[in-house]
1. Among the residues of the range 223-232, are any at pLDDT below 75, at negative phi and open to solvent by less than 40 Å² (accessible area, probe 1.4 Å)?
2. Just one of the numbered conditions (1) within 24 Å of Ala319 (Cβ to Cβ); (2) surrounded by 13 or more Cβ atoms within 10 Å (Cβ to Cβ) is not true of Trp139; which one?
3. Is the range 107-120 home to any residue that is of a type in the set (Lys, Arg), open to solvent by 30 Å² or more (accessible area, probe 1.4 Å) and part of a helix (DSSP H, G or I)?
4. Looking at the range 155-173, I want the residues that are assigned to a helix (DSSP H, G or I) and have a partner that is open to solvent by less than 30 Å² (accessible area, probe 1.4 Å) and polar (S, T, N, Q) with Cβ atoms under 7 Å, at least 6 apart or on another chain. Which pairs are those?
5. The conditions are (1) within 12 Å of Val284 (Cβ to Cβ); (2) in contact with a His (Cβ under 9 Å, 6 or more places away or on another chain), and Gly172 fails exactly one of them. Which is it?
6. Can you tell me which residue within the range 79-106, out of those that are farther than 17 Å from Val41 by Cα and hydrophobic (A, V, I, L, M, F, W, C), is most open to solvent (accessible area, probe 1.4 Å)?
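The values are calculated or read from the model by the stated rules, or taken from the named source; none is laboratory data. The structure presented is a predicted model; accordingly, all values stated were derived computationally and were not measured. Backbone-built Cβ (ideal geometry, glycine too); neighbour counts: all protein chains shown. For the accessible areas, the whole protein counts, side chains as well, though only heavy atoms, and no ligand, DNA or RNA atoms are used. Shrake-Rupley method; radii C 1.70, N 1.55, O 1.52, S 1.80 Å.
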Amino acid sequence: MTMPDQAAVLIDPDEHRSGTGTARFVLQKVLEAIISVVLVVVLFFFLFRMLPGDPVAAMTRDRVTSPQQIAELREKMGVDKPVFVQFGQYFWNLLHGDLGESRLLNNGRPVADMIGERLWPTILLVGSATVLAVIIGLWLGIRAAWRRDSFFDRAQTGIALTLWSVPQFWLGLMLLVVTDGLFPSRGMHSPDAAPDVLSQTIDVLHHLVLPCVTLLAVFYAQYMLIMRSSLLGEMNADYLTTARAKGLRDDLVRRRHAVPNALLPTTTLVFMQFGAVVAGAVTVEAVFSWPGLGQLTYDALHGPDLPVLQGVFTVLASAVVLMNLLAELLYRVLDPRVRTS
């Protein structure tokens, strides 16, 4: 056998096609994500221009201002130009990493700096609520499915359905009433907290309890119901019957065989539901005055401060698109059927 013939034998055509297909799939999804972000930027730019209120009028409210001064202010802010010219300038600046400057909340301050200082509180709130919701939701979902039609199953399913249907802002207000001062109701820090790291950490965690529980209560319910449904679909599978026939304990059958296969839809759901968690954080932060991006959005809407609104929604939308992209790529990695299709 010649050397070219030996090389042809060593190359697996299926493996080559699989690698090429994966690269094409990743490239396609990345391009779709970029297009989605661009469409979101365009949509929000023109949507915010439809909001009631005039930023120039808001800046000059309760001030004696001549028509000439108002005209100069409009020219300085660029709102005297046609809306498509404004969009072109905004998009060009955005491509260079410039989100603009605040016009009302912090006159002249870069929006990127304002988002940067509010990003950590939102990450802390959303991250804590998501991690706890996943852990609690998956654990309860597995227990409820394995004890199908038991009192535990019925009780947990009823509680989850109720919490899933409750508006988050209403649940937050109810928690404020029920706790009645047991936990801080506003902000992230107490003015009288000691300056050392341990005291500051405990103080932040104390303030985090109510907003985190509000988000957690709604989203753990969704993960619990999806996990329960997914595991119930695996309960009568042939491979579980085979595992039981080999003499494996019921606990091992559940942990080693049923749960790993049932985790697939729930794992991808965690990433794909990131947008809903972020949207919930906006209302929850407004209820508890949590100093994150949600509270910044709420404050900017009162102006309206258009550069701040555009910057915040661009960052949040990009994060949501990124999480959806990771979900699709992760699904391909976890499910061999997708890779071979």
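1. no
2. Every condition holds for Trp139 apart from (1).
3. yes
4. As it stands, the answer is Trp164/Gln222; Gln168/Thr214; Leu171/Thr214; Gly172/Thr214, since those pairs meet every condition given.
5. (2)
6. Leu105
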